[in-house]
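Peer 1: One structure, as structure tokens, below. Some questions next.
No lab work stands behind these numbers, since they all come straight from the coordinates. The structure displayed is predicted, hence computed values, not measured ones. Reconstructed Cβ throughout: ideal geometry from the backbone, glycine too, with neighbour counts over all protein chains shown.
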């Protein structure tokens, strides 16, 4: 019945699209995709992932998500960790999964994000 995940939506505060584009577009390297015209007046911005979209939607009385979060598979986790730390984003490493290396961080708005990479099991 369910075929695939189309997109994930993360909430953001109103009027912060420039910051969203800087974090998700410039730092994380996600290409932005144009929102459909009927949805443009709502604010926010959309980005493209390999198999699903990432939508940032404006939420009135915004509060960041501290538990629920998307997890992004990464090809070079150590490099991403270094980039985020150089931009003053804190990361928390988690080694609890046998076949995965991962860390948690927060986006520019305080939303929890997980980044993970399969371990080389040589």
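Peer 1: Within the set of pairs 6 or more residues apart or between chains, which connect a residue that is touching a residue at least 40 places away in the same chain (Cβ under 8 Å) inside segment 59-87 to a residue that is surrounded by fewer than 12 Cβ atoms within 10 Å (Cβ to Cβ) and in a loop (DSSP other than H, G, I, E, B) with Cβ atoms less than 9 Å apart?
Peer 2: Taking only residues 6 or more apart or on different chains, the pairs are 73/50; 84/90.
Peer 1: Is it true that residue 11 is within 20 Å of residue 102 (Cα to Cα) and either surrounded by 10 or more Cβ atoms within 10 Å (Cβ to Cβ) or in contact with a helix residue (DSSP H, G or I) (Cβ under 6 Å, 6 or more places away or on another chain) (or both)? Lay out the reasoning, then the answer.
Peer 2: Values: within 20 Å of residue 102 (Cα to Cα): no; either surrounded by 10 or more Cβ atoms within 10 Å (Cβ to Cβ) or in contact with a helix residue (DSSP H, G or I) (Cβ under 6 Å, 6 or more places away or on another chain) (or both): yes.
Judged against the criteria, residue 11 is not a match.
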